Each structure stands twice: as C-alpha cells, then as structure tokens.
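Inspection log for the structure reproduced underneath, given as structure tokens.
Values quoted throughout were computed directly from the atomic coordinates according to the rules given, and no laboratory measurement underlies them. Note that the structure is predicted; figures quoted are calculated from it, not measured. Note: ideal-geometry Cβ built from the backbone for every residue, glycine included; neighbour counts use all protein chains shown.
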Amino acid sequence: MIVVDVEKWLFVQKKEADEATVPTILVEKDIQGATWFTSMKILFQLKKWTGRRQFVPLLAYDEETYRSYEVFHVDAVPSMTLLDGGKTLLVDNRRDEAYDVALQASGLGKEESILLFALQYIEQMTNEPVVFAGDESVDAKRIVPTALLDKTDRLESGRRLFEWMREEDVREENRHD
C-alpha cells in the first residue's frame, strides 16, 4: 500500500498543465474554476491502483475541499484518503471516527508526528506494509526514493512513481515464489 502526497507527486496547477508535453486532464475544480490537473497516464494508473485498494491519497485540505476532487469520486475512488495533512482519515469516503479517537488519544500536535501516526495506523488497520511518498522530513519506515521526484516536472515524477510501484510489486511477488 502506498500513501502519496498527490499535490507534490501527481497533480499540477493550470499553468504547468498548459505547458506539459503530455495530454492532461482536470482532476479538481473549485468555485474559482479549474485548479489541479494530471496526465492521462497518471489518471489511468490512479484508476488501476485505487481499484486494487493499494493507493491512499494525502491532501493538505479538509473534507469539503476534498469533495471538489472529482477524480477521487468518479474515476479513481480510493478505499482510504488522508486529509488535513493526516488529521482526518476517510475510509470508503466516510470519516473514520475510530481514527479521530485514536489520534486525539495520542496527544500528538506536530504535523510530522500526526502524519507518521496516520501511516502507522493504516499499516495496522490493513495489515499491509505502507510506503510513503511525501514530505522527506517524515521519518516513515518505508519511503519512495527521493531520486524519483523532480520538482520541476511532477507529471514525470508521477510516471516514475507508478513505474517504481509496479517494479516493487514484481519484486514482492518474486520473494513469495
């Protein structure tokens, strides 16, 4: 299972989408209009990985803003979503109240600590190893190699990320054979 900060790895603003060398598609639209885009290739991969229930998007926004991400309600519906930088967990697009209680009981206040708590919670909940693609300051057990991220070309970074995920799946399958 992978938790991905989608605005860092997979989505771009309109200006970047207009300048992209690959076809892009709108993934989020708010009252002001079109804001976030991704490539068609990334959208296809999002559909595949959310269909396998192995992709958890991480967004900095609240639940209301999350609802404007059409991609996560129509095309690539995730089984779990982290919002507010990890302060809110949605399971099948519903707030997980058990997570709220556990987070409050933890007494954590720092963003990095909350996100680390969220990653551990998801790992325990699913009994699956969780890999993190996001803020490098979060001391997660398993992280995506930072060399895959190109901050000047997030669409290329997203392509690399999904390629790496596929290769990791193959390696994992080979370990079990």
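Here are some notes:
- For the pair Asp139 and Lys48 in one chain, pulling the backbone fully straight at 0.36 nm per residue adds 30.0 nm over the alpha carbon distance.
- Charge dipole (debye, nearest 20) of region 2-176; +1 at Cβ of Lys and Arg, -1 at Cβ of Asp and Glu: 420 debye
- Nearest-0.05 FRET efficiency for Ala105 and Val170, computed from C-beta distance (R0 35 Å): 0.35
- Positive end of the dipole of the chain (Cβ unit charges, origin at the Cα centre): among Pro23, Val91, Thr81, the Cα lying farthest that way belongs to Pro23.
- For region 2-176, averaging the sequence separation of C-alpha pairs within contact (under 8 Å, six or more residues apart) and dividing by the residue count gives a relative contact order of 23 percent.
- Bridging of Lys141 to lysines at a Cα separation below 27 Å is possible for Lys8, Lys47, Lys48, Lys87, Lys110, Lys151, once same-chain residues fewer than 8 apart are set aside.
- Dimensions of the chain based on its C-alpha atoms, expressed as ranges along the principal axes with the largest first, amount to 47, 46, 29 Å.
- Centroid-to-centroid separation of region 8-24 and region 119-144 [C-alpha atoms, Å]: 26 Å
- For region 2-176, share of DSSP beta bridges that run antiparallel, in % to the nearest 5: 60 percent
- Distance between the C-alpha centres of region 88-116 and region 32-70: 20 Å, rounded to the whole angstrom.
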